[in-house]
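The values are calculated or read from the model by the stated rules, or taken from the named source; none is laboratory data. Computed from a prediction, not measured in an experiment: that's the story for all the values here. Because the Cβ atoms are built from the backbone with ideal geometry, glycine has one as well, and the counts that use them run over all protein chains shown. The accessibility values were calculated without ligands, DNA or RNA, using every heavy atom of the protein model including side chains. Shrake-Rupley method; radii C 1.70, N 1.55, O 1.52, S 1.80 Å.
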Amino acid sequence: MTRRLAVLVPALFAALFAVLGPPAAGLVRAQPAAAAARGPCQAVEFEGQPYTVCTIDLRRERVRLFWLGADGLPYGSLSSLADRQGRGLSFAMNAGMYDKGQAPVGLYVEDGREMKGVSTANGPGNFHLKPNGVFYVKGDRAGVLDTSRYLRAKAAPDFATQSGPMLVIEGKIHPKISADGPSQKIRNGVGVREGGRVAVFAISERPVTFGAFARLFKDSLDCRNALFLDGSVSSLYAPGLGRSDLSRPLGPLVGAVGR
């Protein structure tokens, strides 16, 4: 009986392996595939609030801005951008404030061409809560600077968008942002780290205050400089999460494509 078991058990395992394959090897292959499918965006919780954070390594992906399509009209929506860019687009979101014609309110640079100049004007609203700032990309590095420092830097970027207010300035929260003010909205923004090699985009999943959103970038995402992009219209395209938000017509968009 013992001899028969000694022969039958290895034979049984061999038959199972022939049909199913080695279990351990199958698990090892499946995990990286699942991780890759998620793309650059993931859920993050901070101070009890849910966010989605998209982390882009500019050495591996190209961060660029989109406003007008080949027809000269604004893309207008994340779904339109995704349709035209195809599967190479791993992430996108709205990228700064715009007027009723969907034109950028402040600086906008695309493929090295300045399509709208820097605004240093005073006025109402979040854009003019000084200091406001600029998110820009040059080669495989990105930056976030308040507008006056950006002008002094003479960056000559490949892509740039101006918005406001700054959320974090050299490791400190914008002086005019209260810890927890009365205004709560869905918000999105961008910061940089690792010497500009990594751009970090975030969107809140529930309405949050400016203070809470700024602390997310400073204390959780480790960004010394971060810029508010917009509120209420904040939208995200993240195919790895099966997500493509609908929103009112949008102006400038930012996305990541393969190098």
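The relative contact order of the chain comes to 28 percent, based on Cα pairs under 8 Å that sit 6 or more residues apart. Considering the zone a paramagnetic label at S232 would reach in this model (a point 7 Å from Cα along the Cα-to-Cβ line), which residues of the range 163-189 have amide N under 16 Å from it? Answer for this model: 164-165, 182-188. Percent of accessible area on the range 186-259 owned by carbon and sulfur, 1.4 Å probe? Here carbon and sulfur together make up 48 percent of the probe-accessible area. Our note on the geometry: Cα centres of the range 64-98 and the range 197-259, 15 Å apart.
Using a Gaussian network model of the chain in which every pair of alpha carbons under 10 angstrom is joined by a spring, one finds that among T161, T209, T147 the greatest mean-square fluctuation is at T209.
Taking each DSSP H run with n ≥ 4 as -39500 (n - 2.57) and averaging over every residue of the chain yields -6500 deg cm²/dmol at 222 nm.
Rounded if a/c is under 1.5, else prolate if a/b is larger than b/c, else oblate: which is the chain, with a ≥ b ≥ c the root eigenvalues of its Cα gyration tensor?
Numbers: a/c = 2.61, a/b = 2.10, b/c = 1.24.
Here the chain falls in the prolate category.
Counting lysine pairs in the chain that sit 8 or more residues apart in sequence, or on different chains, and whose Cα atoms lie under 16 Å apart gives 7.
Shown for the chain are the DSSP H helices of 20 Å or more along their axis, judged by Cα atoms, with a mean Kyte-Doolittle hydropathy of at least 0.0: 2-20, 23-38. Between F127, F46, F201, the GNM of the chain built on Cα springs shorter than 10 angstrom shows F46 fluctuating the most.
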